[in-house]
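K.L.:
First, the structure itself, so that you have it in front of you.
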Amino acid sequence: MIEEIKNLRKEIAGTEITNEETLEAFRLKFLSRKGLIQTMFARMSEVPQEERASVGKAMNEVKQQAEDKFRKGKDSLTQATATQLRATDDITLPVAPAYAGSLHPLTQTVNEMKDIFFRLGFDVAYGPEIEDDFHNFTALNFPPDHPARDMQDTFFVQKSGKENAEDLVMRTHTSPVQIRLMKETTPPIRSIIPGRVFRNEAVTAKSYFQFNQMEGLFVDEKVTMGELIETLVMFAKMMYGEHVKYRVRPSFFPFTEPSIEMDVWWGSDFDGQWLEILGAGMVDPNVFKAVDLDPEKYTGYAFGMGVDRIAMLRYGIDDIRILYENDIRFLNQFTG
Amino acid sequence: MKISYSWLKKYIETDLSPEEAAEKLTLTGLEVEDVETFGSDFDGFVVGNVLKVMDHPYADQLKLCKVDIGKKELQIVCGADNVAPGQKVPVAKIGATLPIPMDDGSKMKIRKMKIRGESSEGMICSESELGLSDDHSGIMVLDENLQTGLPLNKALDVSEDTVFEIGLTPNRPDASCHIGVARDLAAVEEIQIQNPYDKDEPDSGDLSKWIDINIEDTTQCHRYAAKIVQNVTVGESPNWLKNRLRAIGLRPINNVVDVTNFVLHEIGQPLHAFNYEKLAKQKIVVKSFDKDLEFETLDEVKRKVPAGTLFICDGEKPVAIAGVMGGVNSEVTENADTILIESAYFNPSSIRKSSKSLGLQTDSSYRFERGIDPNLARRACERAAALMAELTGGKLLDGCSDIHPVKTDPKKIRLRVRRLNQLLGTSLDIDFAAKVLHNLEIKTTTAGTDELECTIPTFRPDLTREVDLIEEVGRIYDYNNIPRPKTAPFISPKPLSSWEKMHSRVHRIATRLMYKEISTNSLLSGKEEDSFSDEKTRLRTLNPVSQEATTLRTTLLGGFLKALNYNLNRNAKQLRFYETGHVYRKSSNGTWIDGVEEHSKLLMGLCGYRFTENWKNRAQYFTIFDLKSDLESFFEQMGIQPYLTTQVSENGELNYLLENTVIATLTRISDSLAGAFDIELPAFAAEVDLTLIHQAGYAVREITYKKISRYPAFEYDAAYTVDQTVSAGQLSDFIRQTAGEKLEKLEVFDVYEGKNLGKGKKSIAFRLTFLDRNKTLTINDVEPIVQKITRVLNSKLGAKLRS
């Protein structure tokens, strides 16, 4: 019996499979129900009991051998036919990548900033882009003859000439939403305010008559400047990396006192520079008075930053105009 | 504002390098935006004596000079016309380096060389080559009394200087001068400042014999002091003074004007020098006029000065615009003999008004506008007069005319140290606060254990409240030193607003539908807006930055079309854009502001090719139905599709209505609009009013899972013949209304017009999918519904079921 199995092995090895016909002939001869292998298994009863284990093993091996040979033969025949497919079935034919939807880099930057401040427990608020004098200037402690109230700096939509009171402007900052928030809700208030703002500036590589800001406001009892700075540092680290080099320095804004600006070091240690990324400060007592909050009871901080500038730094954009040109070759770079 | 570091060091003794000083100043609030080196120590430059000037044998334009430089005689080739024997000139010796960089940024080193065959052993320099001025018309001619061979830095009394460009914040008028800046540096370094003005006003006689001063307008002018210097010789200032002024970017003029500029930049008091002899009737009158005047200022411009502007007049006529600029009629000319020095305090808002209405800002008006020390006039006047007498060889008249109708006393403010620590988050003690304030020249006395009574010097008009003093202590302490809390009190955040949730969903859906977000201008040209709105409804800026941006957008369409045009011009073929943003129009009921409707909108738009020609597809343009399908998917994802109805507008746009209000419009860009924006491929846009959707209460979609039916759906095809005038939308609306909730889906699988239907007829074939969640539908369930639909369509729209 063992001998017959050996012969069968040789026979299987010696049979060639070159096309569909020989493949089928192979199957019929060896693997079909009446083929040599099944026939051989049927004769198992003839094998003496003590040899059955070794014979059974040999039989299974030869069956495996035939099946492998059949499969390999079949695969190579399939591959051979593949080369005969139609020209347009060629999977290597080039295609244009599908059109992808995407967010504008300014929105991506705002979203990133929002995510950071959401983690720090801030809410988000919005307001109008056309503002009245009270919200844009007066309540924010701008004196009546402040230069920002000049036609040179601010777009007026309506100018009354009567003590500014009825003037309407394209808002020059997102800070008027602070006033709306403080008038409409009661402390604690902890919110960021993103939005579009306007300045009467010529369009150049460095300036544009519209841009985007993100404001932050926190009002409660016993809010300190230490907390303000810590919040800004946390923001800078999350935005620019754990090892960002930063400094704060005194500055001036009508609606905060004390006021500061924050710089981050941009570039290498040897060839870099301080770049201002935001202005901030403790809410000025006059602002609290304008919204009927008691400055003795409440303190608060506010900060504001330019989204366009942060986006430009982040992506290495050197001309602000490209943010509003909507060139698809530009937008295509901001997918993903 | 420019500050010279070597000038600054006249008032404080410090070893800080210029860079260290700049950093310290920045951290106290005087931001140094730029640090520049000015001038030179002039190593290798000496005073030469020109012995002989000969023509160059081989070059007409050049001369050969023999120059004595002390121990040596040099031959130097020189191209200047003005070189002459006997002159004392600056000579750069071999090895010296010119202080001013050449165009390529490198500096020229003087070498021994042959110029057109003649050897040249140095260089005779012009003022511009030495970096002293822009004058390159010829070589610089020095004082003939200078000793030959003297090092040039000694001869010119110059050395290398560092100049800080300081970005001064508007609250710090006190720091708009060298002593003011020195005061901050001294405070932070805790060193003494030498202030030449820090003395009492001299108690000397008055000048009323010489000059009669009358302030008519005491609200605009609080003080007017004058001193007189006689027998002056107007001429060049000494080198030290010229160098001081040059370092901060001023052009030296003469020893009278230079002194006034020096004092201005030293202490911040603007001064004006009048030619005393030109003042009619020896009178000074400070007043304004109630009519416009023409007045010629020192810069020889005849200006129309509006009524109400404050003037300085003599006995007959105006001689200066107060605080801004003097007049030609009283100018100090070369042959002037007697000078009257004006030192005054003008009301800041008065000078701001003058400067603004004239469009003229000067070093004087800049300082008056921000508020100078009201008690400085007399001391500044004394210093200027003494210096002027010294430099002009004039005689200083004893006494001063000092009219001082409005006096300003130092303010007193209480500072609570606990409040300081509470606001800053520090634990500073009262002694520290007192020390810092003392270093800033703010006198303090203790009032109780926790409070300081502070006397504010009059040069600090910005300090009016306790919080201002807290800032003073904080900035000198350095905000970077405030200990930072390890933990902050946790304020429970509120849930995100429905608006925020909706807005972020809008962006998510639009990008998911494969639209690219654009960001376009809120301001368009009037001509561009003409396509969408008329003058009556839209808003304009009163002071546009350019004609391209005069009008507030009433729709996002204009920006979209401009973005299309921009990209089509750059050969783009396929554009799918969206934008969210505010649009504005006049309205009787305002959104935020009375009379202004300001809504947030979404625009989705397509332009060009759905496919461009390739091996797989024929080129195919986008159609309105591509956008319609995206738009309705948007509504579906927003969860508002079931509540919407549609209506075709007069001009063929499709309006979507939510609770009877149009919240979206789907439109083909018409030929005329495409023409106006120069768009040559088919374009479509849909604009959705997000504010209205939010107001209607559909901002937040709560998703609730609906069980999926275990039973199969039943499809039924029905084609209806109708008049051409009947729209598919009308048919669909009636089908939906009639079919009831079992109708799961409605599709149109064929639209047909043909002769066999009859003239003016069309056929629309619907595939209706019915589904019951509780059983398997059969033809017996569906047919009665379809019959009912057919009856309704027939009676309402005259539709007939095609068999």
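Read-outs: derived from the displayed coordinates by stated rules, not from any lab. Everything numeric here is computed off the predicted structure, so don't read it as measured data. Note that each Cβ is placed from the backbone with ideal geometry, even for glycine, and that neighbours are counted across all protein chains shown.
K.L.:
When a/c reaches 1.5 or more, the comparison of a/b and b/c decides; with that in mind, is the range B:668-722 rounded, prolate or oblate per its Cα gyration tensor?
P.N.:
Here the range B:668-722 falls in the oblate category.
K.L.:
Next question, about the same structure. What net charge is computed for the residues neighbouring B:N347, neighbours being all others with C-beta under 15 Å from the C-beta of B:N347, Lys and Arg scored +1, Asp and Glu -1?
P.N.:
+3
K.L.:
Quickly estimate the mean residue ellipticity at 222 nm for chain A, helices only: each DSSP H run with n ≥ 4 gives -39500 (n - 2.57), and the total goes over all residues, rounded to 500. Mind showing how you got there, number by number?
P.N.:
Details: 12 runs with 125 residues, N = 336.
It lands at -11000 deg cm²/dmol.
K.L.:
Under the Karplus relation 6.51 cos²θ - 1.76 cosθ + 1.60, θ = phi - 60°, what is the ordered set of whole-Hz ³J(HN,Hα) values for the range B:149-161, x standing for Gly and Pro?
P.N.:
x, 5, x, 5, 4, 6, 4, 8, 6, 10, 8, 5, 10
K.L.:
Taking loop as defined by DSSP and a crowding limit of 15 other beta carbons within 10 Å, which chymotrypsin sites (Phe, Trp or Tyr not before Pro) in the range B:467-515 fit? Please report the intermediate quantities before stating the final value.
P.N.:
Working: sites: B:Y477, B:Y479, B:F490, B:W499, B:Y515; in loops: B:F490, B:Y515.
Counting only loop positions with at most 15 other Cβ atoms within 10 Å, the chymotrypsin sites (Phe, Trp or Tyr not before Pro) in the range B:467-515 are B:F490.
K.L.:
Please get the size of the charge dipole for the protein assembly as shown, origin at its Cα centre, with Cβ charges of +1 on Lys and Arg and -1 on Asp and Glu, quoted in debye to the nearest 20.
P.N.:
The dipole of the protein assembly as shown has a size of about 4920 debye.
K.L.:
Are there any trypsin sites (Lys or Arg not before Pro) in the range B:103-190 that are in a DSSP loop and have at most 16 other Cβ atoms within 10 Å? List them by number.
P.N.:
Sites meeting the loop and neighbour criteria: B:K107, B:R111, B:K112, B:R116.
K.L.:
Starting from the 7 Å offset along Cα-to-Cβ, what nm value, one decimal, do you get for the label separation of B:I703 and B:D34?
P.N.:
Result: 5.7 nm between the two label points.
K.L.:
Going by average Cβ neighbours within 10 Å, how do the peptides A:249-260, B:523-534 rank, with the highest at the top?
P.N.:
Details: A:249-260: 23.2, B:523-534: 18.1.
For the peptides A:249-260, B:523-534, the packing ranking is A:249-260, B:523-534.
K.L.:
Using the basic label-point model (7 angstrom from Cα toward the beta carbon), what is the B:K71 to B:H438 distance in nanometres?
P.N.:
In this crude spin-label approximation the distance works out to 5.5 nm.
K.L.:
Give the residue list of trypsin sites (Lys or Arg not before Pro) in the range A:228-261 that are DSSP loop and have at most 14 other beta-carbon atoms within 10 angstrom.
P.N.:
Passing sites in the range A:228-261 are A:K245.
K.L.:
Using a ≥ b ≥ c from the Cα gyration tensor of the range B:675-803 (square roots of the eigenvalues), is it rounded, prolate or oblate, where a/c under 1.5 gives rounded and otherwise the larger of a/b and b/c decides, a/b for prolate?
P.N.:
Verdict is oblate for the range B:675-803.
K.L.:
Mean separation of Cα pairs under 8 Å and 6+ residues apart, divided by the residue count of chain B: what relative contact order is that in percent?
P.N.:
Reported relative contact order: 8 percent.
K.L.:
How high is the relative contact order of the range A:2-79? Use alpha-carbon pairs under 8 Å, at least six apart in sequence, and give a whole percent.
P.N.:
Values: 47 pairs, mean separation 30.5, N = 78.
After rounding, I find 39 percent.
K.L.:
Let me ask you something else. From the Cα gyration tensor of the range A:174-324, with a ≥ b ≥ c the square roots of its eigenvalues, which class applies: rounded if a/c is under 1.5, or else prolate if a/b is larger than b/c, or else oblate?
P.N.:
Oblate.
K.L.:
Sort A:D271, B:D299 so that the residue with the fewest other Cβ atoms within 10 Å of its own Cβ comes first and the one with the most comes last.
P.N.:
A:D271, B:D299
K.L.:
While we're here: Just going by the charge dipole of the range B:97-254, with Lys and Arg at +1 and Asp and Glu at -1 on Cβ, which of B:S208, B:T169, B:I115 is farthest out on the positive end?
P.N.:
The listed residue farthest towards the positive side: B:I115.
K.L.:
Then there's this: Convert each backbone phi in the range A:126-134 into a coupling constant with the Karplus relation 6.51 cos²θ - 1.76 cosθ + 1.60 (shift: θ = phi - 60°), then list the ³J(HN,Hα) values in order as whole Hz, x for Gly and Pro.
P.N.:
Computed from phi, the couplings for the range A:126-134 are 9, x, x, 8, 9, 10, 8, 4, 4 Hz.
K.L.:
Using a Förster distance of 41 Å, how high is the FRET efficiency between B:E741 and A:E296, based on the Cβ-Cβ distance and rounded to 0.05?
P.N.:
On the way: r = 63 Å, r/R0 = 1.54.
So, using R0 = 41 Å, E works out to roughly 0.05.
K.L.:
Using alpha carbons only, how many angstrom separate the centre of the range A:177-208 from the centre of the range A:289-330?
P.N.:
8 Å
K.L.:
Amide H neighbours of B:D41 under 5 Å, at least 5 residues apart or on other chains, H built in the peptide plane: list them.
P.N.:
Those qualifying (amide H under 5 Å, at least 5 residues apart or on another chain) are B:E160.
K.L.:
Given the peptides B:8-18, B:410-420, arrange them by the average over their residues of other C-beta atoms within 10 Å, most packed first.
P.N.:
The peptides rank, most packed first, as B:410-420, B:8-18.
K.L.:
Using the alpha-carbon atoms, what tilt in degrees (0 to 90, nearest 10) does helix B:430-439 show relative to the longest principal axis of chain B?
P.N.:
That works out to roughly 60 degrees.
K.L.:
Quick one: pull the percentage of alpha-carbon pairs in the protein assembly as shown with a separation above 44 Å.
P.N.:
59 percent
K.L.:
Okay, next question. Mind scanning A:K237/B:K516; B:K227/B:K281; A:K114/A:K183; B:K501/B:K745; B:K745/B:K788 and naming the pairs with a C-alpha gap bigger than 19 Å?
P.N.:
With Cα atoms farther than 19 Å apart: A:K237/B:K516; A:K114/A:K183; B:K501/B:K745.
K.L.:
Let me ask you something else. I'd like the distance between the alpha-carbon centres of the range B:466-534 and the range B:1-19, rounded to an integer number of Å.
P.N.:
Cα centroid to Cα centroid, the span is 41 Å.
K.L.:
Kindly write out, for the range B:49-59 in residue order, the coupling ³J(HN,Hα) from the Karplus curve 6.51 cos²θ - 1.76 cosθ + 1.60 (θ = phi - 60°), rounded to whole Hz, with x marking Gly and Pro.
P.N.:
These are the phi-based 3J(HN,Hα) values: 10, 6, 8, 8, 10, 10, 6, 6, x, 10, 8 Hz.
K.L.:
What translational D, rounded to a whole number of µm²/s, comes out for the range A:2-79 from Stokes-Einstein when the hydrodynamic radius is the Kirkwood one over Cα pairs, at 4 °C and 1.567 mPa s?
P.N.:
Diffusion coefficient, whole number: 99 µm²/s.
K.L.:
Distance between Cα centroids, the range B:285-360 to the range B:207-245: provide it in whole Å.
P.N.:
The range B:285-360 and the range B:207-245 have Cα centres separated by 14 Å.
K.L.:
Dipole magnitude of the range B:365-412 about its Cα centre, charges +1 at Lys/Arg Cβ and -1 at Asp/Glu Cβ only, in debye to the nearest 20?
P.N.:
Roughly 240 debye, rounded to the nearest 20.
K.L.:
Another one. Suppose every Lys and Arg Cβ carries +1 and every Asp and Glu Cβ carries -1, with no other charges. What dipole size does the range A:2-79 come out with about its Cα centre, to the nearest 20 debye?
P.N.:
Using Cβ point charges on Lys, Arg, Asp and Glu, the range A:2-79 gives about 140 debye.
K.L.:
Additional query: Working only with C-alpha atoms, what are the Rg and Dmax values of chain B, expressed in angstrom?
P.N.:
Rg and Dmax of chain B, Cα atoms, are 41.5, 128 Å.
K.L.:
In degrees between 0 and 90, to the nearest 10, how far off the longest principal axis of chain B does helix B:498-512 point, with axes built from Cα atoms?
P.N.:
80 degrees
K.L.:
Please give the helix B:18-28 orientation as an angle from the longest Cα principal axis of chain B, in degrees from 0 to 90, rounded to the nearest 10.
P.N.:
60 degrees
K.L.:
Another question, then. Kindly provide the helix-only [θ] at 222 nm of chain B, computed as the sum of -39,500 (n - 2.57) over DSSP H runs of four or more divided by all residues, to the nearest 500 deg cm²/dmol?
P.N.:
Working: 20 runs with 207 residues, N = 803.
After summing the helix terms and dividing by the residues of chain B, the value is -7500 deg cm²/dmol.
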